Amino acid sequence: MLKTESITLNLGPQHPSTHGVFRIKVELDGEAVRDLEPVMGYLHRGIEKISEDRTYVQVVPLTDRLDYICAMTNNQAYAMAVEKMAGIKVPERAEYIRVIMAEFTRIINHLLAVGFLWNELGAYFTPLLYCYRERERILDLFEKTCGSRLTCNYIRPGGVSLDLPEGFIPEAKKLTSHLKTFTDELNTMLTKNEIFISRTVDVGILPADLAINSSITGPMLRASGVPYDIRKVDNYSIYDRFDFDVPTCDHGDVWDRYYQHILEIYQSIRILEQALDTIPDGKVMGRRASRSLRRPPKDEAYGRIESPKGELGFYVVGDGSKNPYRLRIRPPSMINLSALKEMCEGQKIQDLIVILGSVNIVLGEVDR
Amino acid sequence: MYFQGLAKGLSVTLKHFIQSYTGKTGIEDGERITEPSLGGMFTVEYPDEKLPMYPRFRGALMHLRDPETGEANCTACGLCITACPQDCLTVEGDDGKGKDRRAEAFTYGLSECIFCGLCVEACNFEAIEMSSDYELSSSEREIVWDLERLLAQGDKYDRRQSGEDEEK
Ligand code: SF4
Ligand code: SF4
């Protein structure tokens, strides 16, 4: 057989399909990927270290900048860790608002995941911009509620910073039913497209045991057939009050990971419908929250949520002062990348881009 | 073989193309139209057309005046300074005591501000608010606003003066 020399190719750090600054060193044998090494750290800002000399509330704006697509869920995970450490109770209405915001964020993230995957397949920006348009409507709601579209700084230890503005609930209900129509449209337009199927089925297969061993979480794990969702496992916040399923796919290829996102949008819409119907009145900030944060206990806690990308955890160690002694972040994007090599080996170079797109990383979170 | 998917995709494109002429989304009478069922053109032609901002929008900081005396509300208590995560505020007070004290100087480092709004939440005297100003580019390297500039910003953007009450 003809033997050819392999070549090493640097993909990135500046590459449109890496969604940021991410480098992959690929060893190619002709068109096939023989070896691959992800290189990260180009967006490292030292968020964990900076947090150590900020007060507990001042860390919240920093968490906005981790996964900048899903600021609300980052806020929520951090707030939950601090609440667990300091023993703060969250009012009922605030919990409902958190669930509503988190599910809207999940829809945003999943829409963008689908849109960018299509972008990488060469459907240049048309599906993505449809998704962006719907995201815009959700961001409008966020802006109305907390004053900012991406860096929300809204969910705080103890509750949420402001109550919902007037007219939020009817508007959100309208939007939810609209999103359902839109997802139907997206689904009929994209899912069964022949070109899409021929590019994605059986590409980048992630077997369930490998996914579990690499501690991959979120839609990627569920697409491989493991029904693991922290919303169900931990029943944190008030997720036990809502009726929703954990959808799974069984094959773990790129198509499954795409379809998993669509299925989860429907579940988020189900949760939103229930939450918007049953939200009670009341306070949105715990009474003792600011006092207990002025004198927090000497303790440590790990808070985790099912963020749109997987398990997002914050480990907070407090030494009794106003600042956290140490803050450790478990970012789902970075850990989901750990099986990239196994998924790509033996595939074609053009499939590498598609596989990376289906992992759905955000570099702000990978590098912190 | 690929024709079906292509046709389906293009039919959606065609639908949106028609909707962009018949729909209603956009700005009407200075209000954003957010009704999703209306459909239509989403693009705002920015410098010619501007989206109205919501009352809670967090833009550059501004100082508010006491409506009766016209003086700045700020009492130089320093709460906003401890609340700011970026250390971009400074204040100096005069010799007065407690509530009678007035700020003589106040600086706001616009280039460092991350528009988090924590300073506004900390203030007990309704002295500062976030304005809805988002066009903040400047040809200077460091932009530091003093009290005068902040009060001018307040005169321009304070919603209480223009009659629209801010719901909070
Ligand atoms: S703006 Fe408010 S918090 Fe800041 S010094 Fe003045 S009165 Fe105090
Ligand atoms: S908005 Fe945030 S960063 Fe800006 S001055 Fe206020 S507290 Fe500081």
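The values are calculated or read from the model by the stated rules, or taken from the named source; none is laboratory data. Remember, it's a predicted structure, so these values are computed and weren't measured experimentally. Cβ coordinates were reconstructed from backbone atoms using ideal geometry, including for glycine residues, and neighbour counts include every protein chain displayed.
One table, with the values for the structure above:
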{"read-out": "Which listed residue is of a type outside the set (Val, Ile, Thr) and either within 14 Å of chain A (Cβ to nearest Cβ) or touching a His at 6+ places or on another chain (Cβ under 8 Å) (or both), from B:Glu140, B:Glu104, B:Glu129, B:Glu71", "value": "B:Glu129"}
{"read-out": "Single match in A:Ile361, A:Ile329 (criterion: surrounded by 19 or more Cβ atoms within 10 Å (Cβ to Cβ) and assigned to a loop (DSSP other than H, G, I, E, B))", "value": "A:Ile361"}
{"read-out": "Which numbered condition A:Ser198 misses (of (1) within 11 Å of chain B (Cβ to nearest Cβ); (2) surrounded by 15 or more Cβ atoms within 10 Å (Cβ to Cβ); (3) small (Gly, Ala, Ser))", "value": "(2)"}
{"read-out": "Entirely in the range A:150-235, the helices (runs of 4 or more DSSP H) that have 2 or more residues that are of a type in the set (S, T, N, Q)", "value": "A:168-190, A:194-200"}
{"read-out": "Among (1) in contact with a Cys (Cβ under 6 Å, 6 or more places away or on another chain); (2) more than 10 Å from every other protein chain (Cβ to nearest Cβ); (3) not in a helix (DSSP H, G or I), the one test that A:Leu111 misses", "value": "(3)"}
{"read-out": "Scope the range A:109-133; condition among the aliphatic types (A, V, I, L, M) and surrounded by 24 or more Cβ atoms within 10 Å (Cβ to Cβ); matching residues", "value": "A:Leu111, A:Ala113, A:Val114, A:Leu117"}
{"read-out": "The range B:83-100 - residue that is within 16 Å of ligand 2 (Cβ to nearest atom) and assigned to a loop (DSSP other than H, G, I, E, B) and, of those, nearest to B:Glu121 (Cα to Cα)", "value": "B:Cys84"}
{"read-out": "Residue under evaluation A:Gly318, criteria (1) of a type in the set (Gly, Ala, Ser); (2) touching a Pro at 6+ places or on another chain (Cβ under 9 Å); (3) within 21 Å of A:Trp255 (Cβ to Cβ), criterion not met", "value": "(3)"}
{"read-out": "Members of the range A:1-22 found to be of a type in the set (A, V, I, L, M, F, W, C) and modelled with pLDDT of 75 or more, listed by number", "value": "A:Ile7, A:Leu9, A:Leu11, A:Val21, A:Phe22"}
{"read-out": "Residue match in the range B:109-129 (condition: within 9 Å of ligand 1 (Cβ to nearest atom), part of a strand (DSSP E or B), touching a residue at least 12 places away in the same chain (Cβ under 8 Å) and under 20 Å from A:Gln58 (Cβ atoms))", "value": "yes"}
{"read-out": "Residue that is surrounded by the fewest Cβ atoms within 10 Å (Cβ to Cβ) [pool: residues in the range B:42-76 that are more than 16 Å from ligand 1 (Cβ to nearest atom) and among the small types (Gly, Ala, Ser)]", "value": "B:Gly70"}
{"read-out": "Any hit, the range B:55-65, residues being within 13 Å of chain A (Cβ to nearest Cβ), at pLDDT 80 or above, within 11 Å of ligand 2 (Cβ to nearest atom) and not in a loop (DSSP other than H, G, I, E, B)", "value": "yes"}
{"read-out": "So A:Asp67, is it on the phi < 0 side of the Ramachandran plot and within 14 Å of chain B (Cβ to nearest Cβ)", "value": "no"}
{"read-out": "Considering residues of the range A:277-292 that are in a helix (DSSP H, G or I) and buried (at least 20 other Cβ atoms within 10 Å of the Cβ) only, the residue farthest from the chain's Cα centre (by Cα)", "value": "A:Ser292"}
{"read-out": "Subset of the range B:77-108 (residues that are surrounded by fewer than 18 Cβ atoms within 10 Å (Cβ to Cβ) and under 19 Å from A:Val59 (Cβ atoms))", "value": "B:Leu79, B:Ile81, B:Thr82, B:Gln86, B:Asp87"}
{"read-out": "Failed item in (1) surrounded by fewer than 19 Cβ atoms within 10 Å (Cβ to Cβ); (2) in a helix (DSSP H, G or I), with A:Asp250 passing the rest", "value": "(2)"}
{"read-out": "Residue list for the range A:323-345, restricted to those being in contact with a strand residue (DSSP E or B) (Cβ under 9 Å, 6 or more places away or on another chain) and aliphatic (A, V, I, L, M)", "value": "A:Leu327, A:Ile329, A:Ile335, A:Leu337, A:Leu340"}
{"read-out": "Residue list for the range A:126-149, filter: at the interface with chain B (Cβ under 7 Å from one of its Cβ atoms) and not in a helix (DSSP H, G or I)", "value": "A:Gly147, A:Ser148"}
{"read-out": "Condition met for B:Cys80 (within 14 Å of another protein chain (Cβ to nearest Cβ), within 16 Å of ligand 2 (Cβ to nearest atom) and in contact (Cβ under 8 Å) with a residue 40 or more places away in the chain)", "value": "yes"}
